[in-house]
Amino acid sequence: MATYKELKAQAEALLKQAEVARRAEIAGVVAEIRARMQEYGITLADLKGGAKKAKSRGAVAARYRNPATGDSWSGRGRAPGWLADEEAKGRSRDEFLVG
């Protein structure tokens, strides 16, 4: 049976071999990609612009406003601390609705 030191040396040697193999494979893949890009006239700009961009959503109007501080909340996501505190005091969320 192999000793711990022998097994550790074998593991390190395998990791080095794996890294050499990985680099060789990457070089082959990069060469293939470059050849395809040249064959079809693809540029880096084509690759960057190829993905669809998500529509940017505009700002959401405030539905609730804290009259004391002017802080507002759209009603989306987690309620802000000021509103949660007021509700804990027994006030209704409807009291803070924006006109």
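Derivation of every value follows stated rules applied to the coordinates shown; laboratory data play no part. All values reported here derive from a predicted model rather than from experimental measurement. Methodologically, a virtual Cβ is constructed for each residue, glycine included, from the backbone with ideal geometry; neighbour enumeration extends over all protein chains shown.
Can you figure out the FRET efficiency of residue 69 with residue 48, using R₀ = 25 Å and their beta-carbon distance, to the nearest 0.05?
On the way: r = 44 Å, r/R0 = 1.74.
Efficiency, from the Cβ-Cβ distance: 0.05.
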| query | In degrees from 0 to 90, rounded to the nearest 10, what is the angle of the helix 4-40 Cα long axis to the longest principal axis of the chain? | reply | 80
| How large is log10 I(q)/I(0) at q = 0.20, 0.30 Å⁻¹ when the Debye formula is applied to the Cα atoms of the range 4-49, each weighted equally and without solvent? | -0.71, -0.96
| Peptides 41-48, 84-91: what's the order by average Cβ count within 10 Å, highest mean first? | 84-91, 41-48
| note | Two pseudo-spin positions, 7 Å from Cα along C-beta at residue 57 and at residue 27, lie apart in nanometres by 4.9
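Helix-derived [θ] at 222 nm for the chain: sum -39500 (n - 2.57) over DSSP H runs of at least 4, divide by residue count, nearest 500? Write out the running numbers ahead of the final one.
Working: 3 runs with 51 residues, N = 99.
That calculation yields -17500 deg cm²/dmol at 222 nm.
Give me the dipole magnitude in Debye, nearest 20, for the chain about the Cα centre, with unit charges on the beta carbon: positive for Lys and Arg, negative for Asp and Glu.
Numbers: 19 positive and 13 negative charges, 45 e Å.
I would put it at about 220 debye.
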| request: Find the all-direction average of the projected area of the Cα convex hull for the chain, expressing the result in square nanometres with one decimal place. | output: 16.6
